[in-house]
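Quick note: the coordinates plus some simple rules give every number you see, no bench work behind them. The shown structure was predicted, so the numbers you read here are calculated from the model rather than taken from an experiment. Cβ sites come from the backbone with ideal geometry, for glycine too, and all protein chains shown count toward neighbours.
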Amino acid sequence: MAKAVYSILMVGVGGQGIILASDILTLAAMHSGYDAKKSEIHGMSQRGGSVFSHIRYGAKVYSPTISEGEADILFSLEEMETLRWLNYAGSGSIVITLRTQIKPAMVEEYPEGIEEELRKKCGALKYLEPEQLKKDIENVKFFNVALLGVLAEYVNLPEDSWKRAIEERVPRGSFEDNFKAFQAGRKYA
Amino acid sequence: MDKLLLSGNEAIALGAFEAGVRVGTGYPGTPSTEILENLTKYPGVYTEWSVNEKVALEVALGAAITGARSLVTMKHVGLNVAADPLFTASYIGVKAGLVIACADDPNMHSSQNEQDNRNYACAAKVPMLEPSDSQEAKDFTALAFELSERYDTPVILRSTTRISHSKTVVLPAPEPRRDREPARFERNIKKYVMIPAYARSRHVEVEKRMRRLEEDANNLEINRVEMGDESIGIITSGISYNYVKEAYPEASILKLGMVFPLPERIIEDFCSRVERVFVVEELDPFIELRVKAMGIEVEGKCHFPVTGELSPDLVRRPLQALGFTAGKTELQTLQNEVQLPPRPPSLCPGCPHRTVFKTLHKLGLTVTGDIGCYTLGALPPFTSMDTCVDMGASITIAQGIEIAEGKDREKHTVAVLGDSTFSHMGLPGLLNAAYNKRNSLIIVLDNGTTAMTGMQPNPLSGERINGEETVILDYKKLGEAVGIQSGNIAVVDAYKPGEIEEAITRLVETKALSLLVVQGLCVILRRRRGRRS
């Protein structure tokens with residue numbers, strides 16, 4: 001790895017499973033021998049609001065939070081949230097976004113022009129088609145782990161570390177299915 | 001030993017277990033809640049959710065003076081509630097270690113204020129440690145127990161949201177302490193009975209202990225100097241240390257693990273070795289003012305914000321503006337130009353509190369609110385809450401409004417609070433209302449749990465911290481016992497809008513003190529239980 005510290009910002013909406021996914025990623029980094037930190041917020045802000053998790057790993061990590069413009073990857077599970085957190089990405093960042101739109105409470109019309117803005121601003125943009133990815137996996141229950149499989153193609157961590165991290169964090173007995181979904185995500189990427 | 005990835009809160013629980021803690025008490029509060037939730041999982045440790053923080057600290061103090069190492073957990077504002085026992089516990093001291101793990105919430109991610117609890121260490125004259133990551137959170141917890149016993153004092157372990165809720169790598173101790181033998185209380189009247197005659201001599205002991213601690217702080221390894229560029233020295237602690245290392249790794253740093261009392265000789269020596277000294281700390285200028293009082297020239301809050309959280313950028317930018325340019329450089333960021341609607345938190349779909357707030361909105365009453373998920377009733381589409389101050393204040397603020405408005409007021413006041421908040425500090429307010437002949441309507445939103453902080457049981461849930469069954473407070477008997485007429489006490493189903501409206505209208509019309517309980521299990525808890533069965 002050329003960079004001293006690698007930073008990934010995961011964003012989405014409460015209930016999308018960001019916390020578990022970022023847990024697995026941070027564990028995988030730790031199992032690969034890196035110093036690893038992640039930071040998120042629990043409590044009132046979680047109730048249906050915008051959710052984020054900062055993940056950083058490298059030889060030595062100090063700040064658990066990412067500075068603006070510093071995220072190597074902005075990984076988003078909701079289109080509007082991708083734009084909301086765009087300032088954490090810089091010209092060299094990879095932006096990966098799921099084509100999913102969740103309307104905030106009290107909002108009638110989902111804002112327009114999101115994809116255009118993303119295509120205009122991001123140097124490296126990858127749109128993930130949820131329906132297509134869901135077809136590739138056997139059970140949609142494991143969708144989030146499949147998304148981690150996609151992310152795994154963009155971060156350089158050994159397969160064994162991912163395996164171990166997934167095994168430690170998914171319910172007992174579901175590892176095989178989860179890992180299959182992870183592999184499907186890798187292929188999709 | 002395998003490395004673990006732990007949050008600061010998980011690490012504090014592990015540190016307490018490794019240090020042989022026998023009793024853990026606390027009241028849930030973001031960002032501190034997970035400390036006790038994790039401690040419950042360890043063998044040989046008694047844990048309880050106490051009804052409030054004052055009770056939690058007193059239970060733990062009782063255990064500590066009997067000889068069991070005890071940990072109390074709470075959020076920053078919880079220490080306001082526990083301040084009464086804290087100041088006298090400082091005089092009484094301990095027999096086995098007593099550690100108060102207290103989590104501040106800079107930026108108020110889930111709080112009503114962002115008070116800086118370092119001020120409590122100074123005010124109550126107890127030492128305070130502040131970790132910078134989960135490894136230190138674990139190690140400092142163990143050290144806090146040792147210091148507590150060595151200096152015969154409670155010790156406060158201060159965390160902040162970014163320590164409590166960040167996960168970092170931790171190496172566990174090879175062997176936890178195992179001496180968990182039952183203790184025996186030994187009478188020591190002059191130490192434990194704080195009547196003036198005995199308290200006076202204890203205060204002298206407190207001052208002696210603090211002088212000893214001030215001196216010994218200079219030899220504590222957790223107060224350490226990292227010399228670098230001598231043109232700039234930075235004094236810092238806690239999470240801010242990480243931001244300094246990130247923003248300006250070349251600087252000379254004095255990292256304080258103990259933030260009260262301060263190691264004056266280390267500070268003097270450090271400041272004499274660098275040209276210009278900055279203090280980087282979140283919230284109050286706590287360290288800055290004390291170093292200035294030593295007669296040393298330092299700069300702090302004139303460059304770094306006194307509100308909210310710090311970040312690497314908020315440390316780097318002011319330093320760069322002053323010509324310290326060796327640190328990280330400003331990064332180009334991508335800027336979104338599309339107008340986005342905000343995504344504020346809101347009551348969950350299907351939340352049992354929704355109907356009450358819809359009804360209150362419709363009736364246009366003056367509503368005093370309280371602390372919990374239901375404070376979201378203040379936001380659209382409900383906008384049916386007029387005040388929110390602190391735990392239990394719904395009932396008492398309503399009384400003040402009534403008194404000030406006098407007899408010919410136009411609107412009735414309605415106090416709204418949750419079940420956990422009601423048992424935390426609603427009871428004295430209720431008693432006050434009955435005793436002083438007030439006549440507001442008190443609505444308890446009983447969703448069977450302490451939802452905001454992640455589903456902790458309370459005296460109205462029928463279950464203890466470990467799932468064990470227990471008694472449930474009886475609203476009807478309670479209401480009658482304080483003096484509310486039985487006809488003015490009602491319990492209704494949270495999902496029956498007609499009944500809720502009818503009950504509120506009827507009770508408001510009685511113009512007497514009344515109690516309405518709206519019962520409906522929290523949807524998150526219902527979903528979880530459904531999944532389990």
Exercise. Hey, quick one: spin label on B:Thr307, modelled 7 Å out along Cα-Cβ, who in region B:253-285 has an amide N within reach, i.e. under 14 Å?
Worked result: B:283-284
Seminar exercise, completed: Taking the convex hull of the alpha-carbon atoms of region B:447-500 and averaging its shadow over every direction gives an area in square nanometres of 5.0 nm²
Exercise. What do the square roots of 5 times the Cα gyration tensor eigenvalues come to for region B:224-321, in whole Å, largest first, as semi-axes of the equivalent ellipsoid?
Worked result: 18, 15, 12
Problem set entry | Against the rule of thumb 2.2 N^0.38 Å, how large the Cα Rg of region B:275-430 comes out | 1.59
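Take peptides B:158-169, B:516-527, A:170-181 and line them up by average Cβ neighbours within 10 Å, highest first, as a rough protection proxy. Can you show the working numbers first?
On the way: B:158-169: 27.4, B:516-527: 19.7, A:170-181: 15.7.
Per-residue Cβ counts within 10 Å, averaged per peptide and sorted highest first, yield B:158-169, B:516-527, A:170-181.
Given a Förster distance of 25 Å, report the FRET efficiency between A:Glu176 and A:Lys134 from their Cβ-Cβ distance, rounded to the nearest 0.05.
Details: r = 19 Å, r/R0 = 0.75.
Computed FRET efficiency for A:Glu176 and A:Lys134: 0.85.
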Problem set entry | Amide H contacts of B:Ile232 (H built 1.01 Å from N, under 5 Å, at least 5 apart or other chain) | B:Ser252, B:Glu275, B:Arg276
Seminar exercise, completed: Expressed in angstrom and rounded, the centroid-to-centroid distance over alpha carbons for region B:282-307 and region B:137-203 is 29 Å
Exercise. Which one of B:Tyr27, B:Ala16, B:Ala63 has its Cα pushed farthest toward the positive end of the charge dipole of region B:1-67, where Lys and Arg give +1 and Asp and Glu give -1 at the Cβ?
Worked result: B:Ala63
For this session: Along Cα→Cβ, 7 Å out, is where each label goes; now give me the distance between the ones at B:Met1 and B:Ile296 in nm to one decimal.
Result: 3.3 nm
Exercise. What nm value, rounded to one decimal, do you get for the distance between B:Ser272 and B:Lys437 when each label is placed 7 Å out toward the C-beta?
Worked result: 7.2 nm
Exercise. In whole Å, how far is the Cα centre of region B:478-528 from that of region B:1-58?
Worked result: 35 Å
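What is the average number of partner chain Cβ atoms found within 10 Å of a Cβ in B:325-335? Mind dumping the intermediate values first?
Values: counts 0, 0, 0, 2, 0, 3, 11, 6, 12, 20, 5.
The mean count of partner-chain Cβ atoms within 10 Å per residue comes to 5.
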Exercise. Quick one: which of B:457-467, B:65-75, B:199-209 comes out on top by average Cβ neighbours within 10 Å, and what's the full order, highest first?
Worked result: B:65-75, B:457-467, B:199-209
Exercise. At q = 0.08, 0.10, 0.18, 0.19 Å⁻¹, what base-10 log of I(q)/I(0) does the Debye formula yield for chain A when every alpha carbon is treated as an equal point scatterer in vacuo?
Worked result: -0.24, -0.38, -1.30, -1.44
Problem set entry | the protein assembly as shown - Rg and Dmax from Cα coordinates, angstrom | 26.7, 78
For this session: Output the direction-averaged projected area (hull surface divided by four) of the convex hull of the alpha-carbon atoms of region B:243-294, in nm².
Result: 3.9 nm²
Problem set entry | Sites B:Arg531 and B:Thr383, calculated FRET efficiency, Cβ-Cβ separation with R0 22 Å, nearest 0.05 | 0.05
For this session: Could you work out how far the C-alpha centroid of region B:315-393 sits from that of region B:85-118, in angstrom?
Result: 25 Å
Seminar exercise, completed: So the angle from the long Cα axis of helix B:523-532 to the longest Cα principal axis of chain B, reported in degrees to the nearest 10, equals 80 degrees
Exercise. Residues in region B:435-457 near a label at B:Arg409, defined as backbone nitrogen under 15 Å from the 7 Å Cα→Cβ point?
Worked result: B:436-443
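Based on the inverse mean of 1/r over its pairs of different Cα atoms, what is the Kirkwood hydrodynamic radius of chain B, in Å?
Working: mean 1/r = 0.0398 Å⁻¹.
So the Kirkwood estimate lands at 25.1 Å.
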Exercise. Taking each residue of B:159-166 in turn, how many C-beta atoms of other protein chains fall within 10 Å of its C-beta, and what is the average?
Worked result: 4
Exercise. With each pseudo-label sitting 7 Å past Cα toward Cβ, what's the B:Ala481-B:Tyr42 distance in nm, one decimal?
Worked result: 3.5 nm
Problem set entry | 3J(HN,Hα) from dihedral phi, region B:237-248, Karplus parametrisation 6.51/-1.76/1.60, rounded to Hz, x for glycine, proline | 7, x, 5, 4, 3, 5, 5, 5, 4, 6, 7, 9
Exercise. What does a probe at A:Glu159 reach in region A:106-147, counting residues whose amide N is under 18 Å from the point 7 Å along Cα→Cβ?
Worked result: A:146-147
Exercise. Taking only DSSP H segments of four or more residues, each worth -39500 (n - 2.57), what value at 222 nm results for chain B once the sum is divided by all its residues, to the nearest 500 deg cm²/dmol?
Worked result: -11000 deg cm²/dmol
Exercise. Can you pull the mean other chain C-beta count within 10 Å for peptide B:345-352?
Worked result: 4
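Would you mind calculating the relative contact order of chain A from Cα pairs under 8 angstrom and at least 6 residues apart, reporting the percent as a whole number?
Values: 355 pairs, mean separation 40.9, N = 189.
Once normalised by length, the contact order is 22 percent.
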